[in-house]
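Structure record follows, encoded as structure tokens.
No lab work stands behind these numbers, since they all come straight from the coordinates. What you see is a predicted model; the values in this text were computed from it and never measured. Cβ atoms come from the backbone with ideal geometry, glycine included; neighbour counts cover every protein chain shown.
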Amino acid sequence: MNAALLAWALALGVGAASPAVEQSGGTVRVDVPSVLTFQVTTLTQPTIVSGFRVSFNQAKLGSGLALRISVKAEGTLTVGGLTVPISNISWTTSQPSNGTGMNGVLSTVAYTPVFESRVNPSTGRVDLAWSLSMPVGPLLAGTGQVNLRWKLEAISP
């Protein structure tokens with residue numbers, strides 16, 4: 001698959017539309033969360049955070065191209081004084097519009113796809129529910145957050 005990179009390493013605030021990202025003749029406006037926060041109160045069950053939406057509009061990618069949106073973590077997650085492996089964070093997608101949502105596991109090393117649009121989209125979205133599983137061992141409840149970095153690609157599916 002050939003991919004023309006529209007924008008790399010976007011870190012945008014929740015609810016704030018980006019300026020139009022333009023490269024290789026394509027443009028798109030995106031809305032993505034920049035920080036993921038977990039309030040861990042029960043250590044024996046995963047902590048779920050829902051209500052996150054990844055969306056785009058005003059997309060002009062070029063004929064026959066689709067938009068792929070991927071994510072990775074920046075830094076570490078510390079909860080109750082314990083550094084939790086980023087790979088303990090996963091997500092499930094729901095309610096995709098104009099494309100397909102992809103469930104995955106967060107990484108600090110590689111971008112993992114979250115959404116791939118249909119060909120020639122003008123808008124699209126997917127909702128995410130994040131899950132944090134605390135490791136086995138002596139743990140404390142608490143709050144932790146991790147910064148997210150997003151990658152947008154115009155691809156030829």
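Assuming 0.36 nm per residue, please report the length gained on full extension of the stretch ALA129 to GLN145 beyond their Cα-Cα distance. This chain segment gains 4.3 nm when fully extended.
Among residues other than ARG149 with Cβ under 13 Å from its Cβ, the summed charge is +1 (Lys and Arg +1, Asp and Glu -1).
Remark: spin-label model distance GLN95-GLN45 equals 2.3 nm, labels positioned 7 Å along the Cα→Cβ axis.
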